[in-house]
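> For reference, the structure I am asking about is given below.
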Amino acid sequence: MTVRLGATPRTWPHRGILLEVRGELDDDSLDERPHVITKYIAEALHRAQYRIVDGGVFCATVAGLPGVIATGRTLEACRDQLVEVVEEWLLVRVAQGLRIPRLGSATVQVKRAS
């Protein structure tokens, strides 16, 4: 089932942080939090640009996600590392209270719980 959120965001309190999501979400369960991150990472992988650098190593970057870069001896290894890098990048931005850029149809906003 797809839920269109429109102008009314959904929020989830989690460990003192409110995650606010705008856009379309796949609503396969009552608890959508995991889907937000999964969808964001999937969009990052879809937008990733891969190239081969010195020594035949694969390198991936994602336009719009500054500092996100992954490498691997194979394309699959590079993609696997990119998943981890994007996850860590998101966690750092949340921890530092930084804005998370929109990717695709979902926007993740971080607000401190009051």
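Just so you know, all these numbers are worked out from the coordinates, no wet-lab data involved. Owing to the predicted nature of the structure, the values given are computational and were not obtained by experimental measurement. When we count neighbours, we look across all protein chains shown, and the Cβ atoms used for this are built from the backbone with ideal geometry, even at glycine.
> Karplus couplings for region 45-54 from phi (6.51 cos²θ - 1.76 cosθ + 1.60, θ = phi - 60°), rounded to Hz, Gly and Pro as x?
Once θ is set to phi - 60°, the couplings for region 45-54 become 5, 5, 8, 4, 10, 10, 8, 9, 10, 3 Hz.
> Once you have the Cα-Cα distance between Ala63 and Leu91, take 0.36 nm times their residue separation minus that, and quote the gain in nm to one decimal.
Details: separation 28, 0.36 × 28 = 10.08 nm, distance 1.83 nm.
Stretched fully, the Ala63-Leu91 segment lengthens by 8.2 nm.
> What is the local net charge at Ala70, summed over the other residues whose Cβ is closer than 10 Å to its Cβ (Lys, Arg +1; Asp, Glu -1)? Working shown, then result.
Details: positive: Arg79; negative: Asp80, Glu84.
Taking every Cβ under 10 Å from that of Ala70, the sum is -1.
> Counting Lys +1, Arg +1, Asp -1, Glu -1, what net charge surrounds Asp80 among other residues with beta carbon under 15 Å of its beta carbon?
Details: positive: Arg73, Arg79; negative: Glu76, Glu84, Glu87, Glu88.
Residues close to Asp80 contribute a combined charge of -2.
> If you put +1 on each Lys and Arg Cβ and -1 on each Asp and Glu Cβ, how big is the dipole of region 60-111 around its Cα centre, in Debye rounded to 20?
So the dipole magnitude of region 60-111 works out to roughly 300 debye.
> Modelled label-to-label distance, Asp80 and Val53, 7 Å Cα→beta-carbon offset: nm?
Spacing of the two 7 Å Cα→Cβ label points: 2.0 nm.
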